[in-house]
Amino acid sequence: MPPGPLYLRRSGTALLIDFSTGEPALLHFGADLGPDLPDLSLLNDPVPPSALDTPVILGLVPQASSGWRGRPGLRGHRNGGAFSSRLRLVTAEADPGAGSALITQADPDTGVTVRTEIRINDGGLLQLRHSLTNDGPDTYFVEELAAVLPVGRAATEVLDLTGRWCRESHPQRLPLHQGTWVRSGRHGRTGHDSSLLLAAGTAGFGYRHGQVWAVHLGWSGNHESFVDTAGDGRTVIGASELLGSAEISLAPNARYETPWLFAAYSGAGLDGITDAFYSWFRGRPHHPGSASGKPRPVVLNVWEAVYFDHRLPVLLELARSAASLGVERYVLDDGWFRGRRNDTAGLGDWYVDEQIWPDGLTPLIDAVTGHGMEFGLWVEPEMINEDSDLARAHPDWIAGPAPHSAGGTDGRLPERWRHQQVLDLVNPGAWQYIFDRLDALLRENRISYLKWDQNRDLTEMGHAGRPSVHAQTRAVYRLLDELRRAHPGVEIESCSSGGARVDLGILERTDRVWGSDCNDALERQTIQRWTGMVVPPELVGSHIGPTTSHTTARTHDLSFRAVTAMFGHFGLEWDLRQLNASEREELGQAIALFKKYRALLHSGRMVRADEPDPTLRLHGVVAQDGSEALYALVSMSTSFAEVPGRVCLPALHPEGRYRVEAVYPAPDDGRTFMQTVPPAWLSTGIEATGRFLAASGLPMPVLNPEHGVLLAVRRINDDATPGGRPARNS
């Protein structure tokens, strides 16, 4: 007798799986269906003409043996045989109160068992992963094991993200048609063009309206995400690790585990998807700031100030200047280790360069910590330059498509990328060497933070002549895990040529990501908006760069750069020695303003308005209890209209009464505003209800292109919101 249906519901999200046929059938993922279900036996699909004689089942692992003609959930074989599975239910264990389940299926004929873990977390974010065990007597080759979920028939559009170096996380939309839309990442890392989020939704869905189903794969290696609409009209959304030829070959009793698929549903647009992800992140016991209560420190990274010019007097002067402005963490970037005078040599030789640092890093570290700041250091442990002592001693530690012997005369290497190759961390000796060097650096120096970079794709990634992206990714994870275990107080940033490794796999092991190598505030407005669709601002490094960006040559006022950097893990990447008096005063004010609103920015709900003028963007953070908010209105370019008109401030409590003030830049700042007479409230502030601000809005100042203004909102009648939470659709 099959068990009754599995029905998990939490925070407005529900998953329904039926077992009546002996196969776990996905019936629903999306809105909460309420406490009562109808008789599911009456909901079987019709059988159309010229088709299978029974209704086609969309299984938890979709399979051709049940008639599914879309993308299969499992592809594998035994030397070409046992290619088609017929998985059937073995056990189903559920804890509806905890929103979790463990489902086991098996197929004795192909000799595989698949176990599926499911969780719906507080906030509604669903997690799903499979593990496959080889029960047979010989090797089973896994080609793909995908995690999928059904999408409601109302979905007619697909949205995902793409990009390149210095232009990550840009959206693209297309109609949802019959067939499969696939995004493949073959970089050996997540990739600059990776879709951090793949979403399907109702026509015209936006930030604050429409139904949306969205997924993210928590994996830092090769991967695919897809939306698949079968001929019968059913649509699934899912993702899988993208495996190389025979990369996963399971011996008898061996097991392969997929990465977690993270999925969210929202009936109130993309902001509802963001709510679910942020709730999950901030509910983790190890989430930065949550366990210790320590705020995210203001950072100075010295890269764009000195590059490879590591003269101690210059670095000490930068430390003094940073401390006087209120900086709390000082990061020494590339160039401190042996032979590293430029980017062509030295990677792998993780020893302090005695020629540049005759007394080690101690004089700089002592000065930095003496000013009350933390000291951080840049490393790139996964890479190696051929011009390095390590490569000369161990050429066989360089990853490639063919074995490379210790003598170094055979084996083909991949093409160089930024003069570097990949260190084969699957090799136990190479892994141990890197662990020992980083462990020694952290034990011998007062280092509170590692900026962990990874600056190339893993093209032709191989170990011992076989593809090894999967094993390399696992080796990197193990390296991070072991270092964190040995040095629990050290924070680690994931930087990968900027934003080429931003995913929930790496973020389980690091404390922030670097969203992009581009500090151009105009580019960052888009990069941060869409990276922030999944990753909360306290985990996304966002720095004020120089007046003229070194990646785009654009020049921006300090106010625009500061307004942009405010909505992230705030920092600086600028030669502070070159500031004039007015810049220094304004920068100090911006840092103080960030500190004033830091707790709100790193705990509140992210809000993005569906602004009809494409040249304007409004985003903000609203406190969970609706007591305060900080919004940014940004002009991306010149508008077709003479004035912006009334701009609405969403997500405040409708009945709450609020005071709105423009807090930065000053209302009379002629660089930012282009108007003869400003709106009357700009200099005095204004009081209005949340309902008025969301529905009618306020007349906004005329902003010069590529400028912005911060609006601080404070509730002035605290008794207006019993229960504290602002309305979701206001």
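Can you pull the semi-axes for the stretch 488-560, root of five times each eigenvalue of the Cα gyration tensor, sorted largest first, whole Å?
They are 24, 12, 11 Å, listed from largest to smallest.
Quick one: of the DSSP bridges fully inside the stretch 452-576, what percent are antiparallel, nearest 5?
Percent antiparallel among DSSP bridges in the stretch 452-576 is about 25.
Antiparallel DSSP bridges in the chain: what percent, to the nearest 5?
85 percent
Quick check on the stretch 255-404: take the gyration tensor over C-alpha atoms, sort the square-rooted eigenvalues as a ≥ b ≥ c, and tell me if it's rounded (a/c under 1.5), prolate or oblate.
oblate
Determine the share of the chain's accessible area contributed by carbon and sulfur atoms, expressed in whole percent, with a 1.4 angstrom probe.
So the carbon and sulfur contribution to the accessible surface is 51 percent.
Give me the Debye-computed log₁₀ of I(q)/I(0) at q = 0.13, 0.23 Å⁻¹ for the stretch 546-599, equal point scatterers on Cα only, no solvent, two decimals.
So the normalised log intensities are -0.31, -0.96.
Just the ratio, please: alpha-carbon radius of gyration of the stretch 581-730 over 2.2 N^0.38 Å, N its number of residues.
1.03
Pull out a ≥ b ≥ c, the square roots of the eigenvalues of the alpha-carbon gyration tensor of the stretch 1-160, then state rounded if a/c is under 1.5, prolate if not and a/b is larger than b/c, and oblate in the remaining case.
prolate
For the chain, what relative contact order do you get, as a whole percent, if you take Cα pairs closer than 8 Å and at least 6 residues apart?
The normalised contact order for the chain reaches 10 percent.
Under the Cβ-under-4.7 Å rule, which cysteines of the chain stay unpaired?
Cysteines lacking a close Cβ partner in the chain: Cys495, Cys648.
Mind checking the stretch 649-713 for trypsin sites (Lys or Arg not before Pro) that DSSP puts in a loop (not H, G, I, E or B) and that have at most 16 other Cβ atoms within 10 Å?
Of the trypsin sites (Lys or Arg not before Pro), the ones in loops of the stretch 649-713 whose Cβ has at most 16 other Cβ atoms within 10 Å are Arg671.
Just in the stretch 238-316: which trypsin sites (Lys or Arg not before Pro) are loop by DSSP and have at most 11 other Cβ atoms within 10 Å?
Hits after loop and neighbour filter: Arg311.
List the DSSP H helices in the chain whose Cα atoms stretch 15 Å or more along the helix axis and whose mean Kyte-Doolittle hydropathy is at least 1.0.
Those that clear 15 Å and a mean of 1.0 are 312-325.
From the alpha carbon gyration tensor of the stretch 588-644, can you work out the equivalent ellipsoid semi-axes (sqrt of 5 times each eigenvalue) and give them in Å, largest to smallest?
26, 15, 7
Just the number please: accessible area per residue for the chain, 1.4 Å probe, all protein chains included, in Å².
Each residue of the chain exposes 37 Å² on average to a 1.4 Å probe.
Rank by packing, highest mean first: peptides 378-390, 69-81, 528-540, 594-606, with packing defined as the count of other Cβ atoms within 10 Å averaged across residues.
Output ranking for 378-390, 69-81, 528-540, 594-606: 528-540, 378-390, 594-606, 69-81.
Tell me the volume per residue, in Å³, of the convex hull enclosing the alpha carbons of the chain.
Residue-normalised Cα hull volume stands at 166 Å³.
Could you work out the equivalent-ellipsoid semi-axes for the stretch 96-238, taking the square root of 5 times each eigenvalue of the Cα gyration tensor, largest first, in whole Å?
Whole-Å semi-axes of the equivalent ellipsoid: 29, 20, 16.
Can you check what the net charge comes to around Phe337, using other residues whose Cβ is under 11 Å from the Cβ of Phe337 (Lys, Arg +1; Asp, Glu -1)?
Cβ neighbours under 11 Å give a net charge of -2.
Can you tell me the alpha carbon radius of gyration of the stretch 33-80 divided by the globular rule-of-thumb value 2.2 N^0.38 Å?
Computed over Cα atoms of the stretch 33-80, the ratio equals 1.54.
Over the stretch 364-450, what portion of Cα pair distances is larger than 23 Å, expressed as a whole percent?
36 percent
For the stretch 440-497, evaluate the Debye formula with one uniform point scatterer on each Cα (no solvent term) and list log10 I(q)/I(0) at q = 0.14, 0.17, 0.22, 0.23 Å⁻¹, rounded to two decimals.
With one equal scatterer per Cα and no solvent, log10 I(q)/I(0) is -0.50, -0.69, -0.95, -0.99.
Could you tell me which of rounded, prolate or oblate describes the stretch 181-248, using a ≥ b ≥ c as the square roots of the eigenvalues of the alpha-carbon gyration tensor, with rounded for a/c under 1.5 and, failing that, prolate when a/b is larger than b/c and oblate otherwise?
It comes out oblate by the Cα gyration axes.
The values are calculated or read from the model by the stated rules, or taken from the named source; none is laboratory data. It should be emphasised that the depicted structure is a prediction, and the values quoted were computed from it without experimental measurement. For neighbour counting, all protein chains shown are included, and Cβ atoms are generated from backbone atoms with ideal geometry for every residue, glycine included. We work out accessible area using only protein heavy atoms, side chains counted, and drop any ligands, DNA or RNA first. Shrake-Rupley method; radii C 1.70, N 1.55, O 1.52, S 1.80 Å.
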